[in-house]
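Trainee: First the structure, which I've put down as C-alpha cells, then a few questions once you've had a look.
The values are calculated or read from the model by the stated rules, or taken from the named source; none is laboratory data. None of these values were measured; they are calculated from a predicted model. No Cβ is skipped: glycine too gets one built from the backbone with ideal geometry, and neighbour counts run over all protein chains shown. Accessible surface is based on the protein model in full, side chains and every heavy atom, while ligands, DNA and RNA are left aside. Shrake-Rupley method; radii C 1.70, N 1.55, O 1.52, S 1.80 Å.
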Amino acid sequence: MDVKSMKNVAEWLRETVFQDEAIRPREAPSSVKLPPLLRTARSLESGIHQRWQSREGIFLQQARLLADYEDDYDYQGNVRCYYPTYQSLTDQELRGYFTWRTEVRRGEVRRAPTPFAFLYVYELINQAGVQDPEDGYRKLVHFQDAYGRLDDVILPYLRQWLVDYVIYYDLDRALLAESTQVRLDRSVAALDDVENREPAEIAAAVRLLSPQWLERSKFYAAYRAEMDEVIARVLRRMSAHYAARCKKSLTEQYFGDAGVYRARPFETAVFCDPLKRRHYEYAVDEQCICCCDDGVWFARKRVWYPDSGKKLTPLLKTIDAEMRQAFAYRYPVKAALDTKWILKIIREEIQALLAEKQAAEEKKVEIDYTQLTRIRQDAAITQEKLIVEEEEAPVLPEEEPAEEPAASGDMPLSSTEVRLLRCLLYGGDTGWVQEEGHLLSVLVDGINEKLYDIFGDTVLEDGVVEDYIDDLKEMVRP
C-alpha cells in the first residue's frame, strides 16, 4: 500500500470510526415523554447499524429527519456540553432546543444555552433545514447578526465557518471580500505592487497590517497626509532595495512566504461533509487557493497570526520619530530601528517632502476676494474727499512733510498702525480710520508686511490671528 493510500485510510478511520461519542446522561423514569418524531430520531442512535456509523453521520440523519419539526415545551434549564449533537441532549433538553429553534425560525431570537446556538449552526452548515446553499448562507449571516448581540461566544467560530461555507459550497467569492484573510492578502498585494499604488492605498494597507503604532500616534493624527506620503516613499525605495540586493521581496521579508497547509473545512464544528467532495479547487483570491485532492483538504496561502505585522511596527515608529524631529514636534519619541540604510532613506524622504512643501508655499498666491467690496468702499470714500471744488478748498498752512514716528524704538509700526492694532486687540472703535482719510486695507497690509520678519506669518486676516494675540498685546500695550 503506497503512502497516499495509507493517508486516505487513516483519514477515513479518523472521520468514521475513531470518533468521540456523546454519553447521554441517564434519565429518571419520570422523564418527559417524547413526541413520535423525536422517538423515531432517537431510534437512530441505537441498533445494529449504529456501531458502523460515525457520530456525525447519525447527526446528519437525525437533522434531515427533524428539519421541519416544531415543538412547544417550557424548558428553563441549562446545558453544558462541547460539540453538541442531538445525542448529547437529554429528552427535556432536546425538546427545549426544538422549542427555541421554532422561535428563531419565526424571528424571535432570544438567548439560550450556548450548545443550542452551536447545534443550530451545525444544522445549517450541513444543509439541514435550508432550501439551498445560498439560503443557508443568508440564515447563518442573519443568526450571526441577531444572536451575536446576545451571546458573543459563538462569533469567532461563526466568522470562520462562514468563510468555510462559501468555499465548501462554491458560493460567489465576493462574499469573502471583507474576510480577514482576503483583507490581509489584499493589503500585502498592495505592498507587493507598491511602486504603482497611490500613497492613500499604501497607507490603508499598512494600517491594516500593523495598526498598533499608528492607532495611538498623536503625530500621525495631526500629520496624517504627510506621514502617509513618507511611508509610501520609504516603502517604495525599500522594495526596490530588496528586489535588487536580496533573495526575498519586501513582503516576504516582513510577512513571510506563502505555504501549503492542511485546511479541513469546519475544523472545529460537527460537520458531516454532505457533498463528499473528492477533487475540488476554490480560489479565495490570488494569494489563497483551497483544494481538495482525493478527499484531503489543503490550502496554498500565507498564514496570519496575531503578531504577523510585528516587523512593520518598528519601521513605522522610526518614521514617526524622524518626522517628529524634522517637524519640531513637541512630543519626541525614540526611533525603533538603527539600520543605517533604512534610516538614510527615511531622512532623505522627509527632507524631500519638506522641500516640496516649502517650494509650494513660496509659489502660492492667495487672493482674499471677500475684501474686495470693503476696498472699493474705502476707495469711494477717499475719492469723494479728494474731489473738492477748487474755490471751496481751505487754505492750510504749509507744513514740512514728515513720516509718522514709530511707537517705540524697536517698534517697526507707525503710530497710526499702532493705534489701529490696539483697537483691534482691545475692542476699540475703528471709525476714525475713514474719518481721518486712511484706507483700512492699506494699514492692514502695512502691519502684516512690517511684522512678517518678526512672526514669519500674517498677523491680521479677518481680525487678529488668535495665535499671536498675546505677543501683539505685549508689543503695543497702552
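Trainee: TYR169 fails exactly one of the following numbered conditions: (1) open to solvent by 80 Å² or more (accessible area, probe 1.4 Å); (2) under 17 Å from ARG277 (Cβ atoms). What is the number of that condition?
Mentor: It is condition (1) that TYR169 fails.
Trainee: Give me the pairs: first residue in the range 458-471 and among the polar types (S, T, N, Q), second residue at pLDDT 75 or above and open to solvent by less than 100 Å² (accessible area, probe 1.4 Å), beta-carbon distance under 8 Å, and six or more apart or on different chains, which are they?
Mentor: Close Cβ pairs satisfying both conditions: THR458/ASN448; THR458/VAL465.
Trainee: Among the listed residues ALA146, ALA190, which satisfies the condition of being more than 30 Å from GLN87 (Cα to Cα), assigned to a helix (DSSP H, G or I) and free of Cβ contacts under 8 Å to residues at least 60 places away in the same chain?
Mentor: Working: ALA146 fails: more than 30 Å from GLN87 (Cα to Cα).
Matching residue, one of ALA146, ALA190: ALA190.
Trainee: Now, a different point. As an exercise: evaluate ARG216 against (1) charged (D, E, K, R); (2) surrounded by fewer than 18 Cβ atoms within 10 Å (Cβ to Cβ); (3) modelled with pLDDT of 90 or more; (4) more than 28 Å from HIS279 (Cβ to Cβ) and give the number of the one condition it does not meet.
Mentor: Among (1) charged (D, E, K, R); (2) surrounded by fewer than 18 Cβ atoms within 10 Å (Cβ to Cβ); (3) modelled with pLDDT of 90 or more; (4) more than 28 Å from HIS279 (Cβ to Cβ), ARG216 violates only (3).
Trainee: Taking only pairs six or more apart or across chains, which ones have beta-carbon atoms under 6 Å, a first residue in the range 440-451 that is farther than 11 Å from LEU413 by Cα, and a second residue that is open to solvent by 20 Å² or more (accessible area, probe 1.4 Å) and basic (Lys, Arg)?
Mentor: Cβ pairs passing all conditions: none.
Trainee: Next up: May I ask you to list the residues in the range 13-52 that are surrounded by 14 or more Cβ atoms within 10 Å (Cβ to Cβ), at pLDDT 90 or above and part of a helix (DSSP H, G or I)?
Mentor: Passing the criteria: LEU37, LEU38, ALA41, ARG42.
Trainee: Could you grab me the full set of residues in the range 93-143 that are in contact with a helix residue (DSSP H, G or I) (Cβ under 7 Å, 6 or more places away or on another chain) and assigned to a loop (DSSP other than H, G, I, E, B)?
Mentor: Matches in the range 93-143: VAL109, ARG110, ALA112, ASN126, GLN127, ALA128, GLY129, VAL130.
Trainee: While we're looking at this one, here's another question. Somewhere in the range 128-148, is a residue crowded, with 19+ Cβ neighbours inside 10 Å, of a type in the set (Val, Ile, Thr) and within 23 Å of the chain's Cα centre (by Cα)?
Mentor: no
Trainee: Take the residues in the range 304-345 that are free of Cβ contacts under 8 Å to residues at least 12 places away in the same chain and either open to solvent by less than 20 Å² (accessible area, probe 1.4 Å) or among the acidic types (Asp, Glu) (or both); name whichever of them is nearest to GLN287 (Cα to Cα). Reasoning before the result, please.
Mentor: Here is the first cut: in the range 304-345, the ones free of Cβ contacts under 8 Å to residues at least 12 places away in the same chain are 305-307, 325, 328, 330, 332, 338-340, 344.
Filter again for either open to solvent by less than 20 Å² (accessible area, probe 1.4 Å) or among the acidic types (Asp, Glu) (or both), leaving 307, 338.
On the way: ASP307: 19, ASP338: 32 Å.
By that ranking, first place goes to ASP307.
Trainee: Taking ARG55, is it at pLDDT below 90, under 48 Å from the mean Cα position of the chain (by Cα) and either open to solvent by less than 40 Å² (accessible area, probe 1.4 Å) or not hydroxyl-bearing (Ser, Thr, Tyr) (or both)?
Mentor: Spelling it out, ARG55 is indeed at pLDDT below 90, under 48 Å from the mean Cα position of the chain (by Cα) and either open to solvent by less than 40 Å² (accessible area, probe 1.4 Å) or not hydroxyl-bearing (Ser, Thr, Tyr) (or both).
Trainee: Which residues, taken from the range 428-475, are more than 21 Å from GLU361 (Cα to Cα), in a loop (DSSP other than H, G, I, E, B), out of contact with any Cys (no Cβ under 7 Å at 6 or more places or on another chain) and open to solvent by less than 70 Å² (accessible area, probe 1.4 Å)?
Mentor: Within the range 428-475, GLY428, GLY431, GLY437, HIS438, LEU439 qualify.
Trainee: Now for a separate question. With (1) in a loop (DSSP other than H, G, I, E, B); (2) among the small types (Gly, Ala, Ser); (3) free of Cβ contacts under 8 Å to residues at least 60 places away in the same chain as the list, and ALA67 as the residue in question, which single condition is left unmet?
Mentor: (3)
Trainee: While we're on this one: Touching a residue at least 60 places away in the same chain (Cβ under 8 Å), closer than 25 Å to ARG264 by Cα and not in a helix (DSSP H, G or I): is that true of ASP170 in this structure? Quick ask: steps written out before the conclusion?
Mentor: Values: touching a residue at least 60 places away in the same chain (Cβ under 8 Å): yes; closer than 25 Å to ARG264 by Cα: yes; not in a helix (DSSP H, G or I): yes.
Yes, satisfied.
Trainee: Going through the range 187-199 one residue at a time, which ones are surrounded by 17 or more Cβ atoms within 10 Å (Cβ to Cβ) and of a type outside the set (A, V, I, L, M, F, W, C)?
Mentor: Scanning the range 187-199 gives SER187, ASP192, ARG197, PRO199.
Trainee: Quickly run through the range 263-288 and pick out the residues that are of a type in the set (Val, Ile, Thr), open to solvent by less than 40 Å² (accessible area, probe 1.4 Å) and within 29 Å of the chain's Cα centre (by Cα).
Mentor: VAL284
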